[in-house]
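Asks: Once you've had a glance at the structure underneath, I'll fire off some questions.
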């Protein structure tokens, strides 16, 4: 499957973002369409979480204030409200020991239910178990290992799917599958 093809198996829009600013813009686009944080999947390495989202990191993307104005709440980082940081810090986010991965959203709930034994196949096995096709799971595993932030959401309709895929592409999203 090449970028921007429709995923008939999961119906999920997914993509990778190389930095916090790109991921914030993508997340805010989803939130602006009325999706709640519990509907958005976010996956990254623990190292990426520490680099971009720890409370010691001061990030001035200019997005925090816009997110707050739009009613999107998040954890305060460096005096700014980071919408995606709120998702990563939420109680529903889980860290997978041994894999060094942090997962938030509906996928996290599913993987938590599987338990550590079900993740013996590693991240790829967990993603495939969550409904991500194996070829794409391999791409996302590499993206995560390379410091990327993988995001996914099930669009409610084709208009949302097209709009969000376009936005994600303009926000430097790579490996975007709609």
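Only the coordinates and a few stated rules stand behind these numbers; no lab work does. Given the structure is predicted, the values throughout are model-derived calculations rather than measurements. So basically every Cβ, Gly included, is an ideal-geometry build from the backbone, and we count neighbours across all protein chains shown.
Asks: How many nm is it between the label spots at residue 128 and residue 18, if each spot is 7 Å from the Cα in line with the beta carbon?
Replies: In this crude label model, residue 128 to residue 18 measures out at 2.9 nm.
Asks: Grab the Cα-Cα distance for residue 46 and residue 174, subtract it from 0.36 nm times how many residues apart they are, and report the gain in nm with one decimal.
Replies: Additional length available on full extension: 44.1 nm.
Asks: Decide, for the stretch 126-178, between rounded, prolate and oblate: order the square roots of the alpha carbon gyration tensor eigenvalues as a ≥ b ≥ c, take rounded if a/c falls under 1.5, and otherwise choose prolate if a/b is larger than b/c, else oblate.
Replies: Verdict is oblate for the stretch 126-178.
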